[in-house]
4 protein chains.
Amino acid sequence: MDEKLKKVMDATYECMQACNNCFDACLNEEHLDMMRECIRLDRECADICQMVLSFSGREGSLRNDLVSLCGTICQACGKECEQHDHDHCQECAKACFTCADACRSFVNA
Amino acid sequence: MDEKLKKVMDATYECMQACNNCFDACLNEEHLDMMRECIRLDRECADICQMVLSFSGREGSLRNDLVSLCGTICQACGKECEQHDHDHCQECAKACFTCADACRSFVNA
Amino acid sequence: MDEKLKKVMDATYECMQACNNCFDACLNEEHLDMMRECIRLDRECADICQMVLSFSGREGSLRNDLVSLCGTICQACGKECEQHDHDHCQECAKACFTCADACRSFVNA
Amino acid sequence: MDEKLKKVMDATYECMQACNNCFDACLNEEHLDMMRECIRLDRECADICQMVLSFSGREGSLRNDLVSLCGTICQACGKECEQHDHDHCQECAKACFTCADACRSFVNA
């Protein structure tokens with residue numbers, strides 16, 4: 001498999017896990033009010049990562065477009081998460097930015 | 001297509017929409033604290049309904065098991081939603097119970 | 001819900017079912033050789049329709065992009081399916097073109 | 001994260017990729033006739049693995065049931081794949097059996 005594609009897959013796998021973990025942890029936080037957008041984006045980002053994971057490993061004309069969308073939502077989710085001090089948010093932001101980078105590298109290759 | 005299976009598909013389609021709508025609306029509610037479990041179950045139920053929608057229309061050995069799981073999570077999500085007075089929760093509860101019934105009828109047929 | 005969005009959802013629901021039905025039926029055809037691309041596209045199109053179904057009913061910044069991708073793959077799948085005389089291929093082509101139209105109307109609105 | 005759950009996630013990730021790769025490669029094989037069931041099971045198994053990947057990383061009452069179903073379909077897909085001499089089938093069989101083992105270990109823990 002193409003090296004840049006392998007990086008996308010591994011990064012989306014990590015990012016999906018980080019987003020799902022952050023989603024659960026946010027819902028258990030004491031001050032829930034400020035986590036609304038984080039919860040929403042965690043779900044959206046996890047779902048797109050899951051989709052890319054499924055599509056990346058097979059032929060198809062939409063792979064580039066899906067990876068590009070994935071980069072966009074990872075960037076948005078990372079921007080939201082990095083504003084919160086919780087460990088799960090900081091870890092999620094890191095995974096999101098790594099994934100956004102991998103997606104951009106693949107699309108621009 | 002089998003009549004009971006068609007009912008499952010239509011019910012999961014309605015239920016998935018109701019759960020996603022309730023998920024969004026819950027995240028916009030003023031008193032978020034009491035909606036934690038509702039948000040979590042809305043997502044889980046929507047995801048399983050989506051899975052059943054995809055699997056119901058094609059051959060496969062897991063259809064019955066997935067429909068059975070779907071009935072279980074719809075029942076749980078409906079029980080949670082019916083406790084909240086918001087219109088979106090009441091509508092979601094109704095869609096969940098209808099779907100749980102359709103799933104049970106199919107599995108027990 | 002927005003009228004054009006409701007049309008997208010109903011059309012993707014029908015299209016996903018037609019594609020999954022065509023996928024199964026193609027795999028049971030006697031002359032399998034000429035159905036290769038049809039089988040591959042049926043799966044890809046069903047998966048994107050399923051994704052759009054899940055995303056259309058909730059808030060999110062990617063809805064337009066996903067509906068646009070869905071229109072592209074539905075058009076491609078319809079073009080492939082309409083070349084085959086099997087009833088399931090002709091029905092799938094019809095559902096694909098209807099869905100492609102609904103997606104374009106939504107994106108261009 | 002629980003060690004046995006981590007094994008399930010890594011195994012489903014590998015298995016999903018192997019199944020999607022086998023699906024594509026089967027559709028390009030010269031003698032397609034004998035690959036019908038392999039193609040169908042590759043898709044079903046990849047879809048369930050994808051579902052488990054998404055559900056394993058978050059709380060929820062269905063995780064055990066989904067992992068159990070995943071073990072069942074991985075076993076079935078592995079049995080089918082191991083009958084074919086193609087490298088992609090043999091590799092897929094191996095990934096399927098590894099994943100079936102991981103699922104059983106988790107469910108029986």
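Being within 14 Å of chain D (Cβ to nearest Cβ) and polar (S, T, N, Q) is the filter here, so list the residues in region B:62-105 that pass it. B:64, B:68, B:72, B:75 - these are the residues of region B:62-105 that are within 14 Å of chain D (Cβ to nearest Cβ) and polar (S, T, N, Q). Residues of region A:51-97 that are of a type in the set (Ser, Thr, Tyr) and assigned to a loop (DSSP other than H, G, I, E, B): A:61 alone. Residue count for region A:20-40, restricted to those that are buried (at least 22 other Cβ atoms within 10 Å of the Cβ) and either free of Cβ contacts under 8 Å to residues at least 12 places away in the same chain or touching a Ser or Thr at 6+ places or on another chain (Cβ under 8 Å) (or both): 2. Determine, yes or no, whether residue B:14 is more than 10 Å from chain C (Cβ to nearest Cβ), farther than 30 Å from residue D:80 by Cβ and modelled with pLDDT under 95. So residue B:14 does not fit the description; no.
Evaluated against (1) over 25 Å from residue B:22 (Cα atoms); (2) free of Cβ contacts under 8 Å to residues at least 24 places away in the same chain; (3) within 12 Å of chain D (Cβ to nearest Cβ), residue A:51 falls short on exactly one condition, (1). Hey, does region B:85-104 have a residue that's surrounded by 19 or more Cβ atoms within 10 Å (Cβ to Cβ) and under 21 Å from residue D:57 (Cα atoms)? No, that holds for no residue. On inspection, residue C:25 does not qualify as under 21 Å from residue B:12 (Cα atoms) and in a helix (DSSP H, G or I).
Just checking, does region A:73-81 include any residue being in contact with a Ser or Thr (Cβ under 8 Å, 6 or more places away or on another chain), surrounded by fewer than 20 Cβ atoms within 10 Å (Cβ to Cβ) and either touching a residue at least 12 places away in the same chain (Cβ under 8 Å) or under 20 Å from residue B:27 (Cβ atoms) (or both)? Yes, that holds for at least one residue. Within region B:83-99, residues that are under 15 Å from residue B:43 (Cα atoms) and without any contact (Cβ under 8 Å) to a residue 24 or more places away in the chain reach partners that are of a type outside the set (Gly, Ala, Ser) and crowded, with 21+ Cβ neighbours inside 10 Å with beta carbons closer than 6 Å, at six or more positions or on different chains, in the pairs B:93/B:81. Of everything listed in (1) over 30 Å from residue A:36 (Cβ atoms); (2) surrounded by fewer than 18 Cβ atoms within 10 Å (Cβ to Cβ); (3) touching a residue at least 12 places away in the same chain (Cβ under 8 Å), the single unmet condition for residue C:109 is (1).
Considering only region B:31-48, state which residues are more than 9 Å from chain A (Cβ to nearest Cβ) and outside any helix (DSSP H, G or I). Hit for region B:31-48 is B:31, nothing else.
The values are calculated or read from the model by the stated rules, or taken from the named source; none is laboratory data. Values in this document were obtained by computation on a predicted structure and should not be read as measured data. Quick reminder, even Gly has a Cβ in these numbers, built from the backbone with ideal geometry, and neighbours come from all protein chains shown.
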